[in-house]
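Please treat every number below as a calculation from the coordinates, not as lab data. What you see is a predicted model, and the numbers here were worked out from it, not measured in a lab. As a convention, Cβ positions derive from the backbone with ideal geometry for all residues, glycine included, and neighbour counts pool all protein chains shown.
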Amino acid sequence: MEANLAVRMVNITKTFSHVVANNNITLEIRRGEILSLLGENGSGKTTLMNMLSGIYFPDSGQIYVNGEEVSIASPKDALDLHIGMIHQHFKLVDVFTAAENIILGLNEKAVLDLNGVRRAVKEICDRYGFVIDPDKKVYDMSVSEKQTLEIVKVLYRGADILILDEPTAVLTPQETEKLFAVMRNMKADGKSIVIITHKLHEVMEISDRVAVLRKGEYIGEVPTSQTNPQQLTDMMVGKATTLNIGRPEPNGLTERLIVKNLTVKDADGVKKLSNVSFTAYGGEILGIAGISGSGQRELLEAIAGLQDPEEGSSIMFIPPDKEASELVGRDPEDIYKSGVGLAFVPEDRFGMGLVGSMDLVDNIMLRSYKSGKSPIADRKHPRERANKIVEDLEVVTPGLGTPLRRLSGGNVQKILVGREIAAEPSLLMTAYAVRGLDINTSYTIYHLLNEQKAKGAAVIYVGEDLDVLLELCDRIVVLCAGRVSGIVNGRSTRKEEVGLLMTRLSGKENANE
C-alpha cells in the first residue's frame with residue numbers, strides 16, 4: 001500500500017433488502033488531499049461514506065486506515081481512528097453553547113473543563129482560520145457558524161480524515177469562499193478531506209481528485225486539473241449530457257401575483273417578514289434568494305394559505321381569464337376549492353409535502369381525491385400519472401406500491417416536484433426544488449419549470465445555488481432578515497452583488513429591476 005494513503009476501501013458491498021447500494025467498490029483517500037465524490041442520486045456516495053464514518057457496516061469488503069485493516073462498527077470507532085463526518089443536517093443542541101456542544105458526549109472528566117475547551121477551540125481557529133465564539137448559543141448562530149462548529153467539533157476530537165456532505169448547500173458565495181479557504185488550510189496541515197457535492201464548479205475549484213460512482217458502482221477517478229464539468233457529468237450519467245440551463249425570453253408577461261406590505265410573525269411574535277412587496281408575472285421565473293432563515297419559507301407558506309399575515313398585508317392572485325382574488329385570510333382548502341390553480345413544492349418533503357407511509361399512487365391522490373364526483377376514489381388516473389413521473393424523472397423505486405419513506409431523499413424530491421408540476425398550475429412555487437438531486441435530474445427539473453413558464457404560468461423558484469438562480473431566473477427577489485433588500489435582473493446582475501444583498505440591506509428595497 002502506498003505510504004501516502006490515509007484510507008483504502010476494498011471491494012465494499014452494501015445492500016438494503018433487494019437494493020444494492022454499493023457493489024464491490026474500491027476507493028482510496030490520500031493524505032493532504034481534497035477528494036470530491038460525485039454521482040447521481042442513488043449512486044451510493046453517502047452510503048459509502050456512512051460506512052467509513054461508522055453509521056453503516058459493510059456486508060463485505062475491507063477498510064484499511066493508515067495501512068492497517070480496521071473494523072468500523074460505530075461513529076465512536078471512526079473517531080478513534082481519527083475519522084469525522086460533517087453531515088448535511090447538523091447534529092447540534094440548540095440551547096447549548098458552542099463549547100458545550102463540542103464536549104458533549106466525551107467522557108473526559110467528572111467535571112467539565114469548559115475553559116480548556118475554549119482554549120482548544122481558539123487554537124483550532126487560529127490554526128485553520130475559523131471564526132467562532134465558544135460561548136455563543138447554537139440558536140443564535142447563522143448556518144455558516146453552525147457548520148463551522150461541526151467542523152471544529154470533529155477537529156477537537158482528533159479527526160485527520162474529514163467527510164463533508166453537501167457543505168455549501170445553504171451558504172452564500174462569500175461564506176463558501178471562507179469555507180474553501182479553511183479547507184485549503186486543513187489540507188496544507190496534512191488533513192484528508194472528502195467532499196460530497198453536486199456543484200461541479202465547486203468541484204473544479206476546491207478538489208485535487210474526483211471519484212465518480214454510478215448506480216452503486218465505482219466508475220473511475222481523474223485528477224481535477226485534467227478534467228472539466230462536461231466530462232464529469234458524462235461519467236456520472238453514462239452518456240453525453242448538455243449542461244446549459246435554458247432561459248427563454250419572457251413572452252406575453254401578465255401580472256399573476258401582487259404581494260404588498262406582507263408582514264408575517266411567528267408564534268412568539270417575532271417578525272419573519274416585514275413589508276415585503278413584489279409582483280410575479282405569468283410567463284417568467286422569479287427567483288427568491290437569501291441565506292437560510294431569511295423568510296423564504298414564511299413567504300411561500302403565506303401565499304399558500306399556511307401562514308396568517310398581519311393586518312395590512314395583501315396577496316392578490318390574478319388567474320387567467322378570472323377575477324383577481326385576495327388570498328390573505330383564506331386557508332389552503334378554500335384556495336384549492338376556488339380553482340386558483342396554485343401548486344406548492346414545500347421545503348419539508350415529508351412534514352408538509354408527502355406522507356412517508358403511503359405509496360406513490362396514494363401520494364398523487366392526495367392532490368386529486370376531492371375532485372371526483374363518485375364516493376369511490378379514482379385510482380386509474382393517479383396511477384397513470386405516477387408511472388409518468390417515474391419514467392420522466394427516472395425515479396428509482398422497487399415499485400409503485402413501495403412506501404415513500406423507503407426511497408432515497410433525492411427520489412422522494414423527484415416525486416414531490418413531479419406531482420406538483422403535473423397539475424399544470426397557473427402559479428407554481430418551489431422551495432429548493434433540486435435540493436439533494438443529481439445534476440442530470442436537476443436539469444430535467446429546470447426544463448420542466450421552463451415548460452411551465454412557456455405555458456404562461458408564474459414560477460417562483462426559491463433556490464440556494466446562486467449560479468443556478470442567475471442562469472435560470474428572469475428576475476430575482478433578494479431577502480435579508482425578512483425584508484426585500486433588492487430586486488435584480490437575472491440576466492445582468494453578478495453573483496457577488498446578490499451575495500452582498502443577501503447579507504445586508506442596501507436601501508434598494510423598492511427597486512423593480
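Some notes on this structure:
- A Förster radius of 51 Å combined with the Cβ-Cβ distance from F90 to S314 puts the calculated FRET efficiency at roughly 0.90.
- Both radii come from the Cα set of the range 5-237: Rg as radius of gyration, Rh as Kirkwood radius; their ratio Rg/Rh reads 0.97.
- Cut-off 18 Å, label 7 Å out along Cα→Cβ of L306, residues of the range 427-465 by amide N: 427-436, 459-464
- Principal-axis tilt of helix 409-422 within the chain, Cα atoms, nearest 10 degrees: 10
- Computed over the range 154-282, Kirkwood Rh from alpha-carbon pairs, angstrom: 19.0
- Surrounding net charge for K91, when Lys and Arg each add one and Asp and Glu each subtract one, Cβ distance under 12 Å: -1
- Taken along the Cα-to-beta-carbon direction at a fixed 7 Å, the label points for N23 and D392 span 2.9 nm.
- Per-q log10 I(q)/I(0), the range 115-156, q = 0.28 Å⁻¹ (Debye; single scatterer per alpha-carbon; no solvent): -1.06
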